[in-house]
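K.L.:
Take this structure, written in C-alpha cells, and hold onto it; I'll ask about it next.
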Amino acid sequence: MSDAIHVEALTKLFRRMAPGDHLRTLKSALLEGSLTAGLSHSEAIVALDEVSFSVHRGEAFGIVGGNGSGKSTLLKTVAGILKPTHGKVEVDGRVAALIELGAGFHPEISGRENIFINGAVLGLPKKEIERRYDSIVEFSGLEDFIEEPVKNYSSGMYVRLGFAVAIHTDPDVLLVDEVLAVGDEAFAHRCLARIEQFLAKGRTLLLVSHSLALVEDYCDRVLWMDQGRARLVGSPRRVIDAYRQAVAEDEGEAHRSAKQQADAQAGQTESGPSSSQDDPTAPSPPATHGASTGRVRRWGSGKARVESVRLLVDGEERYHFRSGEPVVFELIVKSSEPLTDFVFGVMISTPRGIECWGTNTDLANLTAKRFDGTALVRLVCPALRLAPGEYLVDAAVHARDGSPYDYRKQAAAFTVTAQARGVGLYFPQHSWQIEGDASWDRPDETAS
C-alpha cells in the first residue's frame, strides 16, 4: 500500500438503546456476530457515514469538526479499537494511539508497571522497553511519582505518561486526539517538539484537535468532519476557513431565529398595558441583533439605548468575512429624552479582552447638537484588516465625559479569515519585493 492510511467508504453504526434493548443486543451478538448487523440507519446512531480519505506517508493529517461530528470515532476505527460496520480501513506500519485519557493504563498498578504493559501492547519486547525506560520516565517528568498507582495521577500526569510511552515506541503512525490540551504549557511544547522530530523522520501523524491554529501550523492537509461525513479535504487554510465560515453562518442563522422570536415577544410586550418602553429606567432588553456571544452585559442610565448592533458586508448582514473586506457596524439607538450631550462608540476586542480598535464620534470631532428619538448610526470601514480569528464588538452611547447612557459589552461576535498568514492582530495590505540572487515559488492557496 503506497499510503500510510487508506479509508474507503467507512461507516460505523451504534445501536440505539431503549428499555429491553440489552436483551436484543445480546441475541444479535450471539446469532449474528455483530451488535449492529442488519441495522438500518433509522435504527442506529450513524457515527460515520461513507467516509473516504487517504493519508500519505510522512504526512501530518489533521481532522477538525464540531462535537459529535465523528472525529474520535474515526480515530478509534483507524486505531483498530472499533470495528467498521461497513467499508475498510488499512494502516501500514506500527501504530501508537493517544485517544482517550488513561486508555491502556491499569489504575491499580504503578506508573512503572504500566510503562511495561503499555509498551508491550504497542509491540515492544521487554528488553527494548527496559532500554528505553529511563528516557520514557525523564520525558514524562514523573520521576517522583513513577512508583505510585496511576489512579492517583492527575489528568495531566496521565497525558505525560501516555505520550511518553507512545512516542518512545517509534511508531510509523501516531494518532493523537486532543489529549495535549490537558497537559501544561511546558509539556505541550515538549510534545510538539517531539512531534516535529517524529515528522522529520518521515513518519505519519493523524491529529484530531479543536485548536485550529495548531492544526494549521502542523498539518499538511486537513479533513473537515460534519455529522459523520467527510465535508471537505484539502490544504489547512482552505478547509479551516470553510469550517469557520460554516460555524459563523450557523451562528448567524441561529441568531436570526432568536431575533425573530425576540421581535415577536417585544411586539406583544409593547401592545400590553405595562410595556417597559414607558419607563426609561427599566432594565435594558436583551440583545436582538448580531451573532450573540451569550455573555452580553450592559449598563448605563437609560437616557438612551443601543437597541441593536449589526455587521453588514456589501449591505448583507454577516458575521464572517475575509480580512480587508468593507464592513459596516450598524447601531440603532433610541433616546428616552432630548439630549444635547451624546457620543456613539464602537470597540473591537478579542475573546481574551485584548482591545484591537475602538473609536467614537467625539474622537472623530463630530459635535453633538440634538438627539431626540431614533438614530441609525453606521461606522463604515472600507477595509477592516484584522488578522484571522474571533472578535467581539462593544457598542455604546454616552456623554462626552464618559458617563454611560447605555454600554453593551460583547453585543456581537464575528470571525475573520485570510489567505495570508502573519503574527498579531492587524493585517495591513502589503507585498514583498526581493531583488538579487534569491527566488521563490508562490504557493497556490487554493490547492488541496
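Rule-based calculations on the coordinates, nothing more; no lab input. This is a predicted model, so every value here is computed, not measured. So basically every Cβ, Gly included, is an ideal-geometry build from the backbone, and we count neighbours across all protein chains shown.
K.L.:
Can you tell me the relative contact order of segment 312-423? Whole percent, Cα pairs under 8 Å, sequence separation 6 or more.
P.N.:
Normalised by residue count, the contact order of segment 312-423 is 33 percent.
K.L.:
Right, something else. Taking H placed 1.01 Å from N in the peptide plane, check which residues at least 5 places from Ala60 or on another chain put their amide H under 5 Å from its amide H.
P.N.:
Correct list: Leu205, Asp220, Arg221.
K.L.:
Stretched out fully, how many nm does the piece from Arg231 to His210 gain, at 0.36 nm a residue minus the Cα gap?
P.N.:
Computed gain between Arg231 and His210 is 5.9 nm.
K.L.:
Gln410's amide H: which non-local residues (gap 5+, or another chain) put their own amide H closer than 5 Å, with H modeled 1.01 Å from N in plane and none for Pro or chain starts?
P.N.:
Correct list: Val393, Asp394, Ala395.
K.L.:
Based only on other Cβ atoms within 10 Å, what is the fewest-to-most ordering of Ile195, Ile136? Show your work: numbers first, answer last.
P.N.:
Details: Ile195 20, Ile136 24.
Ordered from fewest to most neighbouring Cβ atoms within 10 Å, Ile195, Ile136 come out as Ile195, Ile136.
K.L.:
How much length, in nm to one decimal, is gained on full extension between Asp170 and His106, taken as 0.36 nm per residue of separation minus their Cα-Cα distance?
P.N.:
20.8 nm
K.L.:
Take Arg322 and Glu185, extend 7 Å from each Cα along the Cα→Cβ direction, and tell me the distance between the two endpoints in nm.
P.N.:
Placing both labels 7 Å beyond Cα along the Cβ direction yields 3.5 nm.
K.L.:
Give, as ranges by residue number, the residues of segment 210-232 whose backbone N falls under 19 Å from the point 7 Å along Cα→Cβ of Leu192.
P.N.:
210-222
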